[in-house]
Amino acid sequence: MKIVLSWSSGKDSAWALHLLNEQHPGGVQALLTTVNEAVNRVAMHAVRREVLEAQARAAGLPLIVVPIPHPCPNEVYEARMASAVGDVVRNGFTHVAFGDLFLEDVRRYREDRLAGTGLVPLFPVWGIPTDQLAEHMISAGLRARVACVDTRVLDASFVGRDFDRALIGDFPKTVDPCGENGEFHTCVYAGPMFQGPLVLERGDIVTREPFTWQDLQLGSERGQVGTGSGSDRDRIGVRSGSDRGQTPVKTTLKDLG
């Protein structure tokens, strides 16, 4: 079994990596991420490329980057992903894993697109009640910061906060504890899936309706998470209002890039 993991830079894909490492030691041999080529950031999360690469180093895994344009029509996205899938199959990968939790339409989309490609989809965190899952993550030492919030369902003041019990306790009752409906996205910086923690410093907060982002930058010291300022306001990558990434519910693989 040779697994490539779809890596969003957030907590759910990080937890999927942790579970896979326990269930299939040595099975995960690469991370795969879509990156907005216009701004060099993880799609939707807007996590910087250098933070993404630091995560891969901390996980001890090679990183496969799939560049996508901005805006990205779905047919362009699917063509680039199909090319990436072909490449990993030619390199001997047999399975691709995702951090999806419970959205049936997303799972069906992935399974349909992968049918006949030679890659078997895995969903290691699927079906775990999200309140329990959040507690498992926090108790095990996963640390993440809220990188993006959808202000239609969650106040902008939540952006930049750490993913912890206090954060979850402050959520409105309508918000999923893990944000599986797209209410928020995170950037993971520590946990059992990493060889050591990353240092993240806070940069600018950017709002482009209906989303608010916290720019996160790598710090210089290991083992602590700092705060700081930044001036990269114009390089937060977003999609146009007609893109399905602007809805709170993730409905295609692109929205989870």
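Which residues, taken from the stretch 90-119, are touching a Ser or Thr at 6+ places or on another chain (Cβ under 8 Å) and more than 15 Å from residue 16 (Cβ to Cβ)?
Within the stretch 90-119, 105, 109, 118, 119 qualify.
May I ask you to verify whether residue 93 is over 15 Å from residue 34 (Cβ atoms) and of a type in the set (Phe, Trp, Tyr)?
yes
Scan the stretch 65-96 residue by residue and report those that are assigned to a loop (DSSP other than H, G, I, E, B) and not hydroxyl-bearing (Ser, Thr, Tyr). Break it down stepwise before answering.
Initial filter on the stretch 65-96 (assigned to a loop (DSSP other than H, G, I, E, B)): 69-73, 91-94.
Of everything in the stretch 65-96, those that are assigned to a loop (DSSP other than H, G, I, E, B) and not hydroxyl-bearing (Ser, Thr, Tyr) turn out to be 69, 70, 71, 72, 73, 91, 92, 93.
Can you tell me how many residues in the stretch 5-45 are touching a Lys or Arg at 6+ places or on another chain (Cβ under 9 Å), buried (at least 24 other Cβ atoms within 10 Å of the Cβ) and on the phi > 0 side of the Ramachandran plot?
So the answer is 1.
Can you tell me which residue in the stretch 97-151 is surrounded by the fewest Cβ atoms within 10 Å (Cβ to Cβ), limited to those that are assigned to a loop (DSSP other than H, G, I, E, B) and β-branched (Val, Ile, Thr)? Can you show your working first?
Kept after step one, since they are assigned to a loop (DSSP other than H, G, I, E, B), are these residues of the stretch 97-151: 98-103, 115-119, 123-129, 140-142, 151.
Okay, now just the ones that are also β-branched (Val, Ile, Thr), so 117, 125, 128, 151.
On the way: 117: 14, 125: 24, 128: 16, 151: 17.
Residue satisfying both the conditions and the ranking: 117.
May I ask you to say which residue of 91, 74 is farther than 18 Å from residue 11 by Cβ, modelled with pLDDT under 95 and more than 17 Å from the chain's Cα centre (by Cα)? Even if it seems obvious, please write down each step before you answer.
Details: 91 fails: modelled with pLDDT under 95.
Within the list 91, 74, the selection yields 74.
Quick one: residue 33 ticks every box in (1) out of contact with any helix residue (DSSP H, G or I) (no Cβ under 8 Å at 6 or more places or on another chain); (2) of a type outside the set (D, E, K, R); (3) in contact (Cβ under 8 Å) with a residue 24 or more places away in the chain; (4) not in a helix (DSSP H, G or I) bar one, so which box is it?
(1)
So is residue 194 of a type in the set (A, V, I, L, M, F, W, C), at pLDDT 95 or above and surrounded by 22 or more Cβ atoms within 10 Å (Cβ to Cβ) or not?
Yes: the conditions hold for residue 194.
Across the stretch 169-198, what is the number of residues that are in a loop (DSSP other than H, G, I, E, B), out of contact with any helix residue (DSSP H, G or I) (no Cβ under 7 Å at 6 or more places or on another chain) and not charged (D, E, K, R)? Outline the logic, then answer.
In the first step, residues of the stretch 169-198 are kept if they are in a loop (DSSP other than H, G, I, E, B); the result is 171-183, 191-198.
Among the residues that remain, those that are also out of contact with any helix residue (DSSP H, G or I) (no Cβ under 7 Å at 6 or more places or on another chain) are: 171-175, 179, 181-183, 197.
Filter again for not charged (D, E, K, R), leaving 171-172, 174-175, 179, 181-182, 197.
Result for the stretch 169-198: 8.
Say whether the condition of being of a type in the set (Val, Ile, Thr), in contact with a Ser or Thr (Cβ under 9 Å, 6 or more places away or on another chain) and closer than 23 Å to residue 43 by Cβ is met by at least one residue in the stretch 159-181. Even if it seems obvious, please write down each step before you answer.
As a first pass, look at the stretch 159-181 and keep what is of a type in the set (Val, Ile, Thr): 159, 168, 174-175.
Okay, now just the ones that are also in contact with a Ser or Thr (Cβ under 9 Å, 6 or more places away or on another chain), so 159.
After this cut, where a residue has to be closer than 23 Å to residue 43 by Cβ as well, the list is 159.
Yes, the stretch 159-181 contains a residue that is of a type in the set (Val, Ile, Thr), in contact with a Ser or Thr (Cβ under 9 Å, 6 or more places away or on another chain) and closer than 23 Å to residue 43 by Cβ.
Every residue, every condition in (1) farther than 30 Å from residue 177 by Cα; (2) β-branched (Val, Ile, Thr); (3) in contact with a strand residue (DSSP E or B) (Cβ under 9 Å, 6 or more places away or on another chain); (4) at pLDDT 95 or above, yes or no:
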residue: 44; (1), (2), (3), (4): no, no, yes, no
residue: 48; (1), (2), (3), (4): no, no, yes, yes
residue: 51; (1), (2), (3), (4): no, yes, yes, yes
residue: 63; (1), (2), (3), (4): no, no, yes, yes
residue: 111; (1), (2), (3), (4): no, no, yes, yes
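Has the stretch 107-122 got any residue that is of a type in the set (Phe, Trp, Tyr) and under 16 Å from residue 6 (Cβ atoms)? Step through it out loud before you land on a result.
Initial filter on the stretch 107-122 (of a type in the set (Phe, Trp, Tyr)): 109.
Cutting the leftovers down to under 16 Å from residue 6 (Cβ atoms) gives us 109.
Yes, there is a match, as at least one residue in the stretch 107-122 is of a type in the set (Phe, Trp, Tyr) and under 16 Å from residue 6 (Cβ atoms).
Sort out which residues of the stretch 45-61 are under 25 Å from residue 135 (Cα atoms) and not in a helix (DSSP H, G or I), and write them in order of number.
Selection gives 45, 47.
The values are calculated or read from the model by the stated rules, or taken from the named source; none is laboratory data. Computed from a prediction, not measured in an experiment: that's the story for all the values here. Please note: Cβ atoms are built from the backbone with ideal geometry, for glycine as well, and neighbour counts cover all protein chains shown.
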